[in-house]
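Visitor: The structure is given below, and queries will be raised subsequently.
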Amino acid sequence: MGIVRTVLGDIDAAELGVTNAHEHLLIRAGVGVMLEPALHLDSVDKACQELELFRKAGGRSIVDMMPVATGRDAAGLVEVARRTGVHVIAASGFHQAKYYTRDHWIYHYTVEQIAQLFIDDIEVGMDRHDYGGPIVERLPARAGVLKAATDQHAILPIYEKLFAAVAMAHRRTGAPISTHTTYGTMALEQVARLADHGVPADAIIIGHVDRNLDLGYHKAIAATGAFLCYDGPSRVQYYTDEAIARTIAAMFEAGYGDRILLGSDLAKRSSRVSYGGGPGLGYLLNVFVPRLKEQGLNEDAIQQIMVRNPARAFALYHTREQAG
């Protein structure tokens, strides 16, 4: 089935089990925290409390999608994984340009230099200081997924450079690429850009698709061979759980059940039980999965979404049987 790279080491993809495909366990600093203090998720103890809710609900693995230089806490993720027993996959790659100041190294390093930082994250170990520089102190813990991002209906010039770097890192390491879309836009363009750089569609996971519940659009994304991550359950400011569950059920009816992943993306203190908010990391399995069953998905379909699809999507590409 393939190998998945977690912060505590490589595991067989079959060991992933029930997987939350998009979350943010810890955010220790960065422009995002400066702009929105609610994003400051700096407590390892609280991250462990939150993951315990996920584990008790049946969760086994979680993907932390904080990429480089945005507050990623590699050492904290290692501690959380050790204390909870939950498999944690960490991210390299990049986020939206708004999370980097104009003098940041993403603007003046070459494609090759940026790609090498991503490659070293995956093959050697993540920097304890999240590339805040000038000293790099690599931990044994390695990243297992690459992130890429675009803005709403726009791919800025800086993203052309960063997409090239992410693609280069993928070709070298086999790490899958999981993307940020802004309100679900630019998904097809993301797949096309990465394809231009030699990335196969089934190595790509398109994030936040449920912020744009256009069923025809979702079918078009799935038809490319990319995975779709529905990571908006509980976030009613975008769409209701019922609307998201109906769309997922319709995707199964259309024959795209093997392309679907689920996440929760609860990146604010107000979304965490451990910080006095809610709904917390137990919500996805305790509340949303039953809503999928109400829409007619049987237990095998749930296993496909939560277990079998993540095992394929997050396996290092060159370790997958027959390349996926």
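Read-outs throughout are calculated quantities, based only on the coordinates presented, and are distinct from any laboratory measurement. Computed from a predicted structure; not experimentally measured. So basically every Cβ, Gly included, is an ideal-geometry build from the backbone, and we count neighbours across all protein chains shown.
Visitor: For the chain, what is the mean residue ellipticity at 222 nm derived from helices alone (per DSSP H run of n ≥ 4: -39500 (n - 2.57); sum divided by total residues; nearest 500 deg cm²/dmol)?
Guide: -9500 deg cm²/dmol
Visitor: In debye to the nearest 20, how big a dipole does segment 52-178 give about its Cα centre with +1 on each Lys and Arg Cβ and -1 on each Asp and Glu Cβ?
Guide: Value, rounded to 20: 420 debye.
Visitor: If you rank Asp258, Asp127 by fewest surrounding Cβ atoms within 10 Å, what's the result?
Guide: Asp258, Asp127
Visitor: Cα extents of segment 1-87 along the three principal axes, largest first, in whole Å?
Guide: Cα extents, longest axis first: 41, 25, 19 Å.
Visitor: Relative contact order for the chain: what is it in percent, counting Cα pairs under 8 Å that are at least 6 residues apart?
Guide: 23 percent
Visitor: List, largest first, the extents of the alpha carbons of segment 207-324 along their principal axes, each in whole Å.
Guide: The principal-axis extents, from largest down, are 47, 30, 25 Å.
Visitor: If you don't mind, another one. By a straight-distance test (C-alpha under 19 Å), which lysines pair with Lys46 as possible cross-link partners, with residues fewer than eight away in the same chain excluded?
Guide: Here the lysines satisfying the reach criterion relative to Lys46 are Lys56, Lys268.
Visitor: Another question, if that's okay. With only Lys, Arg, Asp and Glu charged, each at its Cβ (+1 for the first two, -1 for the last two), find how big the charge dipole of segment 3-317 is about the Cα centre; round to the nearest 20 debye.
Guide: Dipole size: approximately 240 debye.
Visitor: Report the residue, chosen from Gly58, Gly280, Gly263, that carries the largest GNM mean-square fluctuation when the chain is represented by alpha-carbon nodes joined by springs under 10 Å.
Guide: In the Gaussian network model the winner is Gly58.
Visitor: Now for a different question. Starting from the Cα gyration tensor of segment 106-159, take the square roots of the eigenvalues, sort them a ≥ b ≥ c, and report rounded, prolate or oblate (rounded when a/c is under 1.5, otherwise prolate if a/b is larger than b/c, else oblate).
Guide: Prolate is the answer for segment 106-159, as a/c is 1.5 or above and a/b outweighs b/c.
Visitor: Shifting gears a bit: With the Cα gyration tensor of the chain in hand, give its eigenvalues times 5 under a square root as the equivalent ellipsoid semi-axes, listed largest first in whole angstrom.
Guide: 26, 23, 19
Visitor: Local charge sum around Gly232 (other residues, Cβ-Cβ under 15 Å, Lys/Arg +1, Asp/Glu -1)?
Guide: -2
Visitor: Divide, for segment 58-184, the radius of gyration over alpha carbons by 2.2 N^0.38 Å, where N is the residue count.
Guide: For segment 58-184, the normalised Cα radius of gyration is 1.02.
Visitor: Which one, Ile89, Gln190, Ser274, is farthest towards the positive end of the dipole of the chain when Lys and Arg carry +1 and Asp and Glu -1 on their Cβ?
Guide: Positive-end residue among those listed: Ser274.
Visitor: When the chain is treated as a GNM, springs tying every alpha-carbon pair under 10 Å, which of Ile89, Ile27, Ile205 comes out with the largest mean-square fluctuation?
Guide: Per the Cα network of the chain with a 10 Å cutoff, Ile27 tops the list.
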